[in-house]
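The structure appears right after this line, and notes come after that.
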Amino acid sequence: MPVASDVEEPTADADAADEGLPINEVFYSLQGEGTLAGVPSVFVRTSGCNLRCWFCDSYHTSWEPTGAWRDVDSILEEVRSHEQANHVVLTGGEPLIHEESVELLERLDEEGYHTTIETNGTIYRDAPIDLASISPKLASSTPTPERDPKGEGEWEEKHEQNRIDMDALSQMVDAYETQLKFVVTDESDLPEITDLVDRVREATATTVADDDVLLMPEGMTREQLDGTRSEVAELAMEYGYRYTPRLHVDLWNDAPGT
Ligand SMILES: C[S@@+](CC[C@H](N)C(=O)[O-])C[C@H]1O[C@@H](n2cnc3c(N)ncnc32)[C@H](O)[C@@H]1O
Ligand SMILES: Nc1nc2[nH]cc(C(=O)O)c2c(=O)[nH]1
Ligand code: SF4
Ligand SMILES: [Mg+2]
């Protein structure tokens, strides 16, 4: 069922909290991205986002948010049904627009799961998060009229205004074990990445090592990655940052539930 458009705003939380979370999908796979790539994990994907990256590979959580409201108990039951998994990845959409994500993370933590959150880093919440996998959005993600997958650039200004919130980002880096995972389209992204990393280092008490900074090639299909991964790998070597593959795309292309 379509998720009401008000899930896009964090202010809708109070009303929605009783109903649980808008869930787009729950599936079991290998973590495909970042320092835990290859680890068997259950993915819980919430619907609704406060940004609109033109390249978003989860279109039905952002541009066309779709899902069903589910209470935390029913989500936990499905997570537990994947008995082999010790790791849970909470993703979206933007999972931190939802207050109820905190309750889900608390319950997962109580049951002994390792929790990763995939977030764009614009909203801080206090929750038991074992790895904050933060993917701050660069200027190259902005949905200009030429790149808008849906309209004619109606989201350009709002996306541009909201894509970086240095207070939320630095609070998260100080609170949790963190990886900063940048989607790279080409080498023109690198000056913005180095500048942002410098600003995070200035704003936080935490040491952000170069290998906590990950470059991930843009592409939601193998064919698209064929056009980006070599250049991004070279850039990681040149700048001393870590390269992360998109292992799930290499293995399963853009198949649903992977
Ligand atoms: C769909 S997002 C959901 C979590 C959160 N909204 C975020 O952007 O971090 C999950 C991850 O996929 C990445 N991603 C989305 N579309 C992509 C694409 N076309 N190529 C590479 N990575 C992409 C995001 O940057 C993020 O790291
Ligand atoms: N296998 C797999 N690994 C992932 N890591 C982060 C994902 C996400 O969409 O947040 C993702 C995903 O969609 N699939
Ligand atoms: S922030 Fe994440 S979910 Fe939202 S549009 Fe960008 S990639 Fe998609
Ligand atoms: Mg994904």
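If I filter segment 135-150 for residues that are among the hydroxyl-bearing types (Ser, Thr, Tyr) and over 19 Å from Cys56 (Cα atoms), do I get at least one hit?
Looking through segment 135-150, none of the residues is among the hydroxyl-bearing types (Ser, Thr, Tyr) and over 19 Å from Cys56 (Cα atoms).
One residue stands out in segment 1-32 among those that are over 17 Å from Ala85 (Cβ atoms), outside any helix (DSSP H, G or I) and out of contact with any Ser or Thr (no Cβ under 8 Å at 6 or more places or on another chain): the one that is modelled with the lowest pLDDT, namely Glu9.
For segment 68-90, the condition holds for no residue, the condition being that it is in contact (Cβ under 8 Å) with a residue 60 or more places away in the chain and within 16 Å of ligand 4 (Cβ to nearest atom). Residues in segment 120-140 that are of a type in the set (S, T, N, Q) and touching a strand residue (DSSP E or B) at 6+ places or on another chain (Cβ under 7 Å): 2 in all.
Looking at this structure, is Ser81 open to solvent by 10 Å² or more (accessible area, probe 1.4 Å) and either closer than 30 Å to Glu187 by Cα or at pLDDT 95 or above (or both)? Here the answer is yes, as Ser81 does meet what is asked. Search segment 232-241 for residues being crowded, with 19+ Cβ neighbours inside 10 Å, more than 13 Å from ligand 1 (Cβ to nearest atom) and not small (Gly, Ala, Ser), and hand back the single one that is nearest to Ser135 (Cα to Cα). So the residue we want is Tyr241.
Going through (1) out of contact with any helix residue (DSSP H, G or I) (no Cβ under 7 Å at 6 or more places or on another chain); (2) away from ligand 1 (no atom under 14 Å from the Cβ); (3) under 23 Å from Gly219 (Cβ atoms) one by one, Thr144 falls short only on (1). Here the condition is being within 16 Å of ligand 4 (Cβ to nearest atom), within 18 Å of the chain's Cα centre (by Cα), of a type outside the set (S, T, N, Q) and surrounded by fewer than 17 Cβ atoms within 10 Å (Cβ to Cβ); of Pro245, Pro256, it holds for Pro256 alone. Which residue out of Thr221, Thr194 is polar (S, T, N, Q), within 18 Å of the chain's Cα centre (by Cα) and at pLDDT 95 or above? Just one listed residue meets the conditions, Thr221. Looking only at residues of segment 143-192 that are under 21 Å from Ile117 (Cβ atoms) and of a type in the set (Val, Ile, Thr), we find that the one that is least open to solvent (accessible area, probe 1.4 Å) is Val173.
The values are calculated or read from the model by the stated rules, or taken from the named source; none is laboratory data. Since we're looking at a predicted model, the values are computed, not measured. Positions of Cβ are backbone-derived with ideal geometry, glycine not excepted, and every protein chain shown enters the neighbour counts. Heads up: the accessible areas ignore ligands, DNA and RNA and are worked out on the full protein's heavy atoms, side chains in. Shrake-Rupley method; radii C 1.70, N 1.55, O 1.52, S 1.80 Å.
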